[in-house]
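Trainee: After the structure tokens below, expect a handful of questions from me.
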2 protein chains.
Amino acid sequence: MDDRSKTPASSRLTATARQRPSSVTLQDVAREAGVSAATASRALNGSTRNVQSDNVSRVLAAAARLGYVPHVSAQATAKGSIPTVALVVSDVADPYFSSIAVGIIDAAEAGGLVVTMTVADRSPEREVQLVRTLRGQRPQIIIIAGSRINDTDTRGALIDELKQYRAAGGRVVLISQPELPFPTVAIDNVDGARLLARELAGAGYRRLCIIHAPHRIRTSYDRYTGFVTGLEESGISMDANFAMETEFTRSGGYEAARELVERGLRNIELIFAVNDAMALGVMSALRDAGLVPGRDVAVAGFDDISSAVDVVPALTTVTVPLRTAGLEAMRLALADDDAAGEAGIPTVWIPTAVRLRESTPPVSGRLITVR
Amino acid sequence: MDDRSKTPASSRLTATARQRPSSVTLQDVAREAGVSAATASRALNGSTRNVQSDNVSRVLAAAARLGYVPHVSAQATAKGSIPTVALVVSDVADPYFSSIAVGIIDAAEAGGLVVTMTVADRSPEREVQLVRTLRGQRPQIIIIAGSRINDTDTRGALIDELKQYRAAGGRVVLISQPELPFPTVAIDNVDGARLLARELAGAGYRRLCIIHAPHRIRTSYDRYTGFVTGLEESGISMDANFAMETEFTRSGGYEAARELVERGLRNIELIFAVNDAMALGVMSALRDAGLVPGRDVAVAGFDDISSAVDVVPALTTVTVPLRTAGLEAMRLALADDDAAGEAGIPTVWIPTAVRLRESTPPVSGRLITVR
DNA sequence: TTGAAAGCGCTACCAC
DNA sequence: GTGGTAGCGCTTTCAA
């Protein structure tokens with residue numbers, strides 16, 4: 001660490017040393033085209049109408065000949081902001097976030113914006129710090145994708161930071177739960193889990209175990225709550241013994257399931273993990289214990305990540321149109337909601353859909369009765 | 001100064017209400033701290049040694065009080081470049097690239113650099129265009145991760161663009177194959193595939209089929225070549241009939257395997273797909289045809305993506321330390337190789353390692369003989 | 001339509 | 001040590 005922090009200093013010096021070597025500027029282009037910088041600027045970016053067409057082409061030609069690329073930072077200092085959208089995700093390697101990113105990137109590119117992606121590493125503190133740093137870049141839009149965590153300290157700090165950004169003319173959009181005073185794209189976790197529970201109850205499942213993450217992680221909490229609600233609506237009351245708390249990861253799921261098997265499954269028929277990664281961990285633990293997922297114990301997840309269809313048996317889960325969520329976020333960001341005023345904070349709900357697969361066969365169809 | 005006081009805040013608010021709204025500047029901080037802008041700047045960023053300590057604290061306090069965030073673009077126009085590393089990947093949603101990204105992001109953050117990630121969508125043209133756009137942002141480093149594609153037109157354009165960037169003081173690092181005149185982090189695909197082939201040959205496999213992507217995709221070509229080499233080294237000569245070309249995706253693998261089964265497997269004992277996604281597609285096609293992967297036909301892939309251990313049977317593959325590749329790329333980028341001169345283009349080889357799993361049981365241990 | 005010139009916010013050089 | 005001041009490259013009035 002210490003080493004690392006020292007390393008960049010020297011390299012920065014190095015970079016500084018040859019920092020200002022040639023680089024074609026607007027002046028160069030203007031000179032080459034025989035016009036003023038102002039005209040060149042107008043020809044290149046401003047409303048083309050006000051520049052004589054032959055001058056326009058002359059400038060364009062000169063720019064092409066010289067390989068001119070506008071200095072975005074200079075444009076930014078002159079104009080005030082940069083045509084980028086800064087995206088903060090919790091984890092790049094998680095398909096959940098990368099799918100959202102895909103949607104945002106597609107929509108942004110269509111709008112001529114470049115997406116800058118930074119990673120908060122699932123830490124609320126880091127998230128606040130990142131927003132601070134990003135503010136300095138003056139992006140036009142900041143989108144934060146990630147489950148809210150109940151953590152009042154950083155929550156307040158994040159709101160402050162975001163408000164300052166907005167006060168400086170930036171647009172903020174959140175992809176998570178609608179609990180912060182900013183436009184939000186909300187995934188309907190509660191309802192998805194509720195419907196899943198009802199479907200499973202309809203398939204005959206009665207004895208279930210919910211494996212979830214700590215309740216302060218909203219996504220997990222919402223799915224947990226929704227599932228319980230769905231069960232209750234189906235006349236199944238949740239026995240507290242059948243919920244286990246663990247980490248929000250594959251290994252969290254593995255550990256929980258291992259412990260469950262060790263303690264004796266009783267006659268649990270189905271394990272619902274609040275995300276697919278955890279569910280895969282659960283399946284793995286079951287297999288390691290000599291049990292066959294979907295036959296000995298059914299398993300369900302949430303997210304519908306791509307491996308959900310590659311495991312055997314294919315995983316029952318709830319699909320979340322993540323790319324759509326990303327697109328919607330950009331739509332919200334670009335929407336001119338000044339008209340709407342402060343009347344209401346726009347919230348877009350993204351619906352989810354249950355995907356029943358082989359990991360949860362109808363109970364009656366099961367060949368081997370759970371002991 | 002006078003100008004400033006004349007530039008009426010009121011007119012700003014009216015004229016360009018959303019364009020240039022308040023935003024604390026260095027001037028504000030300096031005024032608040034009762035020092036000059038120069039001193040404030042030095043206190044905030046320059047070598048602290050040259051500023052009286054009480055002034056430093058006064059400035060820091062003022063900055064904190066005002067919620068000051070430096071305007072990165074302004075710093076950039078003044079300094080010449082921005083403390084960011086621009087990363088170009090082919091596909092965000094692909095774990096291959098997101099793993100590399102993780103490594104780069106970790107290393108960059110340790111060095112105080114922000115990572116900007118853009119997506120070329122597997123198109124060489126788009127890649128060139130992105131580099132052009134990115135050049136405009138004047139990042140300190142540009143890293144391109146993605147398989148080179150034999151495409152001489154865009155290849156030349158890319159080299160030009162990159163050279164111009166370097167001429168302007170930027171650092172370039174490639175993560176792919178060492179075939180462009182820039183520092184490169186190279187994944188040893190050839191050797192990984194070669195060793196895999198030898199291991200499989202050692203396990204008793206003799207009749208194999210290679211499913212690969214078009215040869216102009218270097219990654220696929222290298223793995224194909226390496227695998228063939230490995231077989232030959234083991235005394236197994238490749239019959240051309242046993243290679244199939246398809247897309248570099250899961251569905252490409254699926255289709256190829258489906259076709260293979262349809263045409264009759266003959267007595268193929270093992271299918272090697274040049275990446276795990278394709279291998280998963282192969283497995284899926286086999287299952288859909290009523291065959292059991294690993295029992296009826298063995299399957300092997302390359303990459304060791306996370307689902308490789310979740311499928312049943314777990315997939316034999318070649319693990320690629322992608323995060324390490326990312327770290328190495330940053331190391332190369334920050335390395336002061338001016339001393340080295342143009343003598344040689346630094347290339348770091350990332351070793352790969354074979355992971356034998358249940359999808360390729362030793363042939364003798366198989367219970368059911370392949371028909 | 002066009003050019004001159006005044007910034008945008010910040011850094012860096014140069015005297016004091 | 002510290003404060004003027006001259007840029008950095010670009011946009012945008014304001015006259016002409």
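The values are calculated or read from the model by the stated rules, or taken from the named source; none is laboratory data. Please read these numbers as outputs of a predicted model, since none were measured by experiment. FYI the Cβ positions are ideal-geometry reconstructions off the backbone, even for glycines, and counts take in every protein chain you see. Side chains are part of the model used for accessible areas, which takes the heavy atoms of the whole protein and leaves out ligands, DNA and RNA. Shrake-Rupley method; radii C 1.70, N 1.55, O 1.52, S 1.80 Å.
Trainee: Please name whichever of A:56, A:130, A:112 sits farthest to the positive end of the charge dipole of chain A, dipole taken about the Cα centre and charges placed at Cβ: Lys and Arg +1, Asp and Glu -1.
Mentor: About the Cα centre, the residue reaching furthest to the positive side is A:56.
Trainee: Which one of A:273, A:289, A:301 has its Cα pushed farthest toward the positive end of the charge dipole of the stretch A:189-316, where Lys and Arg give +1 and Asp and Glu give -1 at the Cβ?
Mentor: A:289
Trainee: Could you let me know the centre-to-centre spacing of the stretch A:100-124 and the stretch A:180-251, using Cα atoms, in angstrom?
Mentor: After rounding, the separation between the Cα centres reads 28 Å.
Trainee: Specify the residue with the greatest mean-square fluctuation among B:294, B:202, B:67, computed from a Gaussian network of chain B linking alpha-carbon atoms under 10 Å apart.
Mentor: B:67
Trainee: With each pseudo-label sitting 7 Å past Cα toward Cβ, what's the residue B:129-residue A:55 distance in nm, one decimal?
Mentor: 3.0
Trainee: Working from Cα positions, state the angle (0 to 90°, nearest 10) between the long axis of helix A:189-202 and the longest principal axis of chain A.
Mentor: Tilt relative to chain A: about 30 degrees.
Trainee: For residue A:351, what is the net charge nearby, where nearby means another residue's Cβ is under 9 Å from its Cβ and Lys, Arg count +1, Asp, Glu -1?
Mentor: Value of the local net charge: -2.
Trainee: To continue, here is another question. Mind checking Rg over Rh on the stretch A:167-206, alpha carbons, Kirkwood formula for Rh?
Mentor: Over the Cα atoms of the stretch A:167-206, Rg/Rh equals 1.34.
Trainee: Sticking with this one: May I ask you to give the percent of accessible area on chain B that is carbon plus sulfur, with a probe radius of 1.4 Å?
Mentor: 50
Trainee: Now a separate question. Would the protein assembly as shown count as rounded, prolate or oblate if I go by the C-alpha gyration tensor, calling it rounded below 1.5 in a/c and otherwise prolate when a/b exceeds b/c, oblate otherwise?
Mentor: Oblate, because a/c is 1.5 or more while a/b does not exceed b/c.
Trainee: Continuing with this model, one more query. Give me, ordered by chain and number, the residues 5 or more places off residue A:117 or on other chains with an amide H under 5 Å from its own placed amide H.
Mentor: Those lying under 5 Å, H to H, from residue A:117 are A:87, B:117.
Trainee: Given points 7 Å out from each Cα along the Cα-Cβ axis, report the residue A:150 to residue A:363 separation in nanometres with one decimal.
Mentor: 3.1
Trainee: To continue, here is another question. If the only charges are +1 at each Lys and Arg Cβ and -1 at each Asp and Glu Cβ, what is the size of the charge dipole of the protein assembly as shown around the Cα centre, to the nearest 20 debye?
Mentor: 1480
Trainee: Next question, about the same structure. Report, in degrees rounded to the nearest 10, the 0 to 90 angle that the Cα long axis of helix B:95-110 makes with the longest principal axis of chain B.
Mentor: The helix B:95-110 is inclined about 30 degrees to chain B.
Trainee: Seen from all sides and averaged, what is the projected area of the convex hull of the Cα atoms in the stretch A:189-316, in nm²?
Mentor: Average projection, Cα convex hull of the stretch A:189-316: 6.6 nm².
Trainee: I've got another one for you. Would you mind listing the distances between the residue A:204 label point and the same position in each other copy? Use 7 Å along Cα-to-C-beta, nm, one decimal, shortest first.
Mentor: Its label point is 4.0 nm from the equivalent points in the other copies.
Trainee: Assign unit charges at the C-beta atoms only (+1 for Lys and Arg, -1 for Asp and Glu), then state the dipole size of chain A relative to its Cα centre in Debye, rounded to the nearest 20.
Mentor: Taking the Cα centre of chain A as origin, the dipole is about 1020 debye.
Trainee: Rounded to the nearest 500 deg cm²/dmol, what is the calculated helix-only ellipticity per residue at 222 nm for chain B, with -39500 (n - 2.57) per DSSP H run of length n ≥ 4?
Mentor: -13500 deg cm²/dmol
Trainee: If you don't mind, another one. GNM on chain A, C-alpha springs below 10 Å: top fluctuator among A:172, A:282, A:72?
Mentor: A:72
Trainee: Follow-up. Could you give, in nm with one decimal, how far residue A:319 is from each other copy of that position, shortest first, with labels 7 Å out from Cα toward Cβ?
Mentor: List, nearest first: 3.3 nm.
Trainee: Could you check the spin-label model distance between residue A:207 and residue B:319? Points 7 Å from the Cα along Cα→Cβ, value in nm.
Mentor: 3.8
Trainee: With a probe of 1.4 Å, find how much accessible area the stretch A:130-206 has per residue, and write the answer as a whole number in Å².
Mentor: Here the per-residue accessible area is 33 Å².
Trainee: Okay, next question. In Å², nearest 100, what accessible area do chains A and B bury in total when the solvent probe is 1.4 Å?
Mentor: 5300
Trainee: Please report the antiparallel percentage of DSSP beta bridges with both residues in the protein assembly as shown, rounded to the nearest 5.
Mentor: Here the antiparallel bridges make up roughly 10 percent for the protein assembly as shown.
Trainee: In the protein assembly as shown, with Lys and Arg counted as +1 and Asp and Glu as -1 at Cβ, which of these residues, A:344, A:364, A:243, has the Cα nearest the positive end of the dipole, that is, farthest along it?
Mentor: Positive-most Cα among the choices belongs to A:344.
Trainee: In chain A, how does Rg compare with the Kirkwood Rh, expressed as the Rg/Rh ratio over alpha carbon atoms?
Mentor: 1.12
Trainee: Suppose every Lys and Arg Cβ carries +1 and every Asp and Glu Cβ carries -1, with no other charges. What dipole size does the stretch A:189-316 come out with about its Cα centre, to the nearest 20 debye?
Mentor: It works out to roughly 180 debye.
Trainee: OK, next. Which residues of the stretch A:142-178 show a drop of at least 40 Å² in accessible area when all protein chains are present, compared with their chain alone (probe radius 1.4 Å, heavy atoms only, ligands and nucleic acids excluded)?
Mentor: A:168
Trainee: Just order B:207-219, A:26-38 by mean Cβ neighbour count inside 10 Å, highest at the front, would you?
Mentor: Most protected by this proxy first, the peptides run B:207-219, A:26-38.
Trainee: Hey, in the GNM for chain B with a 10 angstrom Cα cutoff, which one of B:49, B:138, B:171 fluctuates hardest?
Mentor: Comparing B:49, B:138, B:171 in the GNM, the peak value goes to B:49.
Trainee: Let me ask another. What are the nm distances, shortest first, from residue B:346 to its equivalents in the other copies, labels at 7 Å along Cα→Cβ?
Mentor: 4.7
Trainee: Can you check what the net charge comes to around residue A:280, using other residues whose Cβ is under 11 Å from the Cβ of residue A:280 (Lys, Arg +1; Asp, Glu -1)?
Mentor: Overall, the nearby charge balance is -2.
Trainee: Sticking with this one: Around residue A:157, what is the net charge, scoring Lys/Arg as +1 and Asp/Glu as -1 over all other residues with Cβ under 14 Å from its Cβ?
Mentor: Charge balance in the 14 Å sphere: 0.
Trainee: Semi-axes, largest first, in whole Å: what does sqrt of 5 times each Cα gyration tensor eigenvalue give for the stretch B:52-166?
Mentor: That gives 35, 17, 10 Å for the three semi-axes.
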